[in-house]
């Protein structure tokens, strides 16, 4: 009798063991392709499985809330801001038992909304020539000269960023010809009394100023060894957060509480002559 009971129990054990060994691993995802915007990119990846699983990715700009798990899970996917104009792509690889699944991740880049290289005057930049004031396009540069003894001028200000409260990048390269006073650009500009400006000098100083109702407030005033006589200024605005670069070196960050308007332009101080190589604006 005992032998029969032992055989019965052993048979049940074998039956369940075979069932577990032959169980089919399930691994599916709700999405095969997930697309992201250029900035502030996040999404959910839903995994359905009856087993342990793990997930890998070759690119470090794509992140997931968990790399290992079990069963059905909704993962949070995050992408670093793509501050280029090129769409990028990677693949998430999920493995569970003998099953595998790939999910393609695509992230858009920014959109160029203005690109000026001063080959000609298609964009109708201000042209003027006097003994002390000169604006001209020559040899693929916009040449700006202000040789007055005192004063500063806005040059070529145009409505270039319709969604000025949003996220964008402004870049320009210029070369000093003469003078040591500041040159730079204005942005989020409504008029001459309400604007922001980013200025630098060939001696290495720089400033960021808000002018509201014709009252100037210096947000930042400092020095950087990155600044010389040949400079590429770049400002990246993501929401209210701004980063200032000179020649690809981050020199400062700040918060922009409000934007006044859509205008962008050059700002040229007295006793200064420069030539501008390009002006480029990307919207994110």
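Largest first and in whole Å, the equivalent-ellipsoid semi-axes of the range 216-284 read 21, 16, 15, each the square root of five times a Cα gyration tensor eigenvalue. Relative to the first principal axis of the alpha-carbon coordinates of the chain, what is the inclination of helix 2-21, with its axis defined by its Cα atoms, in degrees from 0 to 90 and to the nearest 10? Between the helix axis and the principal axis of the chain, the angle is about 30 degrees. For 40, 120, the sequence from fewest to most other C-beta atoms within 10 Å is 120, 40. Length, then width, then depth: along the principal axes, the Cα atoms of the range 26-107 run 40, 19, 18 Å.
Computed with the Debye formula from one identical point scatterer per Cα of the range 111-283, without solvent, the log10 of I(q)/I(0) at q = 0.09, 0.16 Å⁻¹ comes to -0.27, -0.92.
Per-residue ellipticity at 222 nm, computed for the chain from helices alone with -39500 (n - 2.57) per DSSP H run of at least four residues, works out to -2500 deg cm²/dmol. Going from the residue with the fewest nearby Cβ atoms within 10 Å to the one with the most, 277, 98, 230 rank 98, 230, 277.
Taking every C-alpha pair closer than 8 Å and separated by at least 6 residues, the mean separation divided by the residue count of the range 111-283 gives a relative contact order of 36 percent.
When 150, 45, 268 are arranged by Cβ crowding within 10 Å, least crowded first, meaning fewest neighbours, the order is 150, 45, 268.
Taken along its three principal axes, the alpha carbon spread of the range 90-182 comes to 80, 30, 29 Å, from the longest extent down to the shortest.
Throughout, read-outs are computed from the coordinates displayed, never taken from laboratory work. Everything numeric here is computed off the predicted structure, so don't read it as measured data. Virtual Cβ from ideal backbone geometry, glycine too; neighbours counted across all protein chains shown.
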